[in-house]
Amino acid sequence: MSTEQAAAPPRTLGPLVAWAAWDWGSAAFNAVITTFVFTVYLTSGVAADEASGSASLANTIAIAGVLVALTAPVYGQRSDAAGAEQGRQRRLGMLTAVIVAATALMFFVQSSPSYLLLGLVLLGVGTFAYELAQVEYNAMIYRLAPPGRTGWVSGVGWSAGYLGGIVLLIACLLLFIAPIGAITFASPDMGPRVIALVCAAWFAVWAIPVLFMRFPYPAPPGDSEAAQVGWFGSYALLVRRLVALSHTDRNLLGFLVASAIYRDGLTAVFTFGGVLAAGTFGLSQTEVIFFAIAANVVSALGAVVGGMLDDRIGPKRVIVVSLIALVIVAAALLPASGKSAFWIGGLFLSLFVGPAQACSRSYLARLVPPGREGELFGLYATTGRAVSFLAPALFSLFITLFGEQRWGIAGIGIVLLLGLAALIPVRGVPGRLGAGAASTTTTPV
C-alpha cells in the first residue's frame, strides 16, 4: 500500500446514512406526534374545549422545557466527561427507547377529558427524553464530518428529518386519516391512536443503524475539567465558562443569547401550527396533514435557498430578513380567519423558518474559534434549551388573558421579535464568497 493510499481519508457515506436514519426516524415524534397529529388530537378530540386544551398543552411543553433547561447542561457535560463513544450510542439508545415507549402508550389516550392528563404526561416525557437524546445525537457529528464539511453533514441530517416527516405524514394520511384512509375504524378517535403506534415502530426501526455504526473519525478527548466535578459542580463550571466567554468574546455570547430566543419562536411555529390550524382556522384533520406535508416541503426549499444566500451575503442578513418576515406574517394572521388565510400565512411562515434555522448553525460555525467547536456548539444547544419554555409560556399566557386560542399567535410573534431585537446588535460575519475564503477540501464519501 502506498503512502498516499494509507493517508487517504476514511469514507463516511455508510456511517452518515446510519446517523441520518435517526433523524429520519425521529420525525415520527418531532413532526407527526408533537406537531400535526397527536397534539391536534389532544386539543381538539380529548380536551373539553380547544382553548383550555391548547393552554394545557403549552403549559406541558413549558414545564418540559424548564426541566430540560435544568437538566440538559449538566447531562451534556457528564456525557462529554464520559468520553467513550460506545457509551454515547448506548445512552442515545436508552433515551430513544423512552421516546418510543411514551409514543406507543399514547394509543391508550381516548377521546375523553379524563384522558387529557395521561396524554400530556406522555407527551412531556417524550419531549424531555427527545431533547436529551439530541445532546448525544448532535455530539456525534464531529466523528462523522470530514474536515471542513461539518455544515454539509449537519444539513444531510436536517434534510433527512424533513423528508422522513413528509413520507410518514403521507403514509398516515393515505392509510388512517378519514375520509381518504384505506383503513376505517369503528371509533373516530382510533386513527390518531393507531398513528401513535405506527410512529413508535417507525422511530424504533430507523434508530437501530446509528446504535451499531462505526465512526470513521477518532473521538475527541473527553472534557477533563467536567470529569473532575460532580452534577452540582457542573452548574458552577457552566457559569464560569459563560462568564469567561463574556470577557473574551461578547459578540459570540450575544449571538448565543439572541439565537436561543428566536430559535424557541421558530420551534413554536411548528409545535403549535397544527393546533392553530384545527382550532382557530377550522382545518379538518385531513387538511392539517395536507398542510403539514406542504409546510415540510416549503421549509426544506427555504433552507436550501437560505443556505445559498448565506454564502453570498452572510448568515446574519438572511436570519434578520427571515425574522422580520415571520413577525409580519404572524401579525397578519392574528386577526385573520378562514382556511385560505391560514394556508397562505402558514406556508409563508414555513418558507422563512427553514432559512433562519439553517443559517443559525452556519452563523455559529463562522464565529467559533478553531479548536473550540465542541465547547461552543454545546453552549449553543444549552442556551437554546435554557429558554425553551418561553414561547409555550407566552402562547399559554395570551390564550388565558384573552380567552381565545388565536391570541397564542401573539405570544409566538413576541418571542420572534425579542430574538430579532437581541440579534441586531450582534456583529455580522460575511458569506464565504464575500470573505474570499478558500473552497472546502473535497473528501470522498
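A compact table of results
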{"quantity": "Single match in Val167, Val135 (criterion: modelled with pLDDT of 85 or more and part of a helix (DSSP H, G or I))", "calculated": "Val167"}
{"quantity": "Residues that are of a type in the set (A, V, I, L, M) and under 14 Å from Gly165 (Cα atoms), drawn from region 282-311", "calculated": "Val288, Ile289, Ala292, Ile293, Ala294, Ala295, Val297, Val298, Ala300"}
{"quantity": "Residues of region 174-228 classified as more than 30 Å from Thr12 (Cβ to Cβ), in a loop (DSSP other than H, G, I, E, B) and either open to solvent by 40 Å² or more (accessible area, probe 1.4 Å) or at pLDDT 90 or above (or both), total", "calculated": "11"}
{"quantity": "Odd one out for Thr280, checked against (1) touching a Leu at 6+ places or on another chain (Cβ under 6 Å); (2) within 30 Å of Ala51 (Cα to Cα)", "calculated": "(1)"}
{"quantity": "Odd one out for Ser234, checked against (1) of a type in the set (Ser, Thr, Tyr); (2) open to solvent by less than 50 Å² (accessible area, probe 1.4 Å); (3) over 24 Å from Thr96 (Cβ atoms)", "calculated": "(3)"}
{"quantity": "Output for region 352-372, where each listed residue is hydrophobic (A, V, I, L, M, F, W, C), open to solvent by 30 Å² or more (accessible area, probe 1.4 Å) and modelled with pLDDT under 80", "calculated": "Ala358, Ala365"}
{"quantity": "Top-ranked residue of region 325-351 - restricted to ones that are open to solvent by 80 Å² or more (accessible area, probe 1.4 Å) and in a loop (DSSP other than H, G, I, E, B), ranked as nearest to Phe290 (Cα to Cα)", "calculated": "Ser337"}
{"quantity": "Test: Arg385 is surrounded by 24 or more Cβ atoms within 10 Å (Cβ to Cβ) and either at pLDDT below 80 or in a helix (DSSP H, G or I) (or both)", "calculated": "yes"}
{"quantity": "Output for region 422-445, where each listed residue is modelled with pLDDT of 50 or more, aliphatic (A, V, I, L, M) and open to solvent by 60 Å² or more (accessible area, probe 1.4 Å)", "calculated": "Ile424"}
{"quantity": "Matching residues, region 22-39, being open to solvent by less than 10 Å² (accessible area, probe 1.4 Å) and among the aliphatic types (A, V, I, L, M)", "calculated": "Ala27, Ala28, Val32, Ile33, Val37"}
{"quantity": "Cβ-Cβ under 8 Å pairs, at least 6 apart or on other chains, region 326-348 side farther than 14 Å from Ile414 by Cα, far side in a helix (DSSP H, G or I) and open to solvent by 40 Å² or more (accessible area, probe 1.4 Å)", "calculated": "Lys339/Glu287; Gly345/Ala332"}
{"quantity": "Those helices (runs of 4 or more DSSP H) lying entirely in region 25-127 with at least 2 residues out of contact with any Lys or Arg (no Cβ under 7 Å at 6 or more places or on another chain) and modelled with pLDDT of 95 or more", "calculated": "85-105"}
{"quantity": "Candidates Ser246, Ser322, filtered to the one that is part of a helix (DSSP H, G or I), within 20 Å of the chain's Cα centre (by Cα) and not hydrophobic (A, V, I, L, M, F, W, C)", "calculated": "Ser322"}
{"quantity": "Output for region 260-315, where each listed residue is surrounded by fewer than 22 Cβ atoms within 10 Å (Cβ to Cβ), among the hydroxyl-bearing types (Ser, Thr, Tyr) and assigned to a loop (DSSP other than H, G, I, E, B)", "calculated": "Ser284"}
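The values are calculated or read from the model by the stated rules, or taken from the named source; none is laboratory data. Quantities reported herein were computed from a predicted structural model and do not represent experimental measurements. Cβ sites come from the backbone with ideal geometry, for glycine too, and all protein chains shown count toward neighbours. We work out accessible area using only protein heavy atoms, side chains counted, and drop any ligands, DNA or RNA first. Shrake-Rupley method; radii C 1.70, N 1.55, O 1.52, S 1.80 Å.
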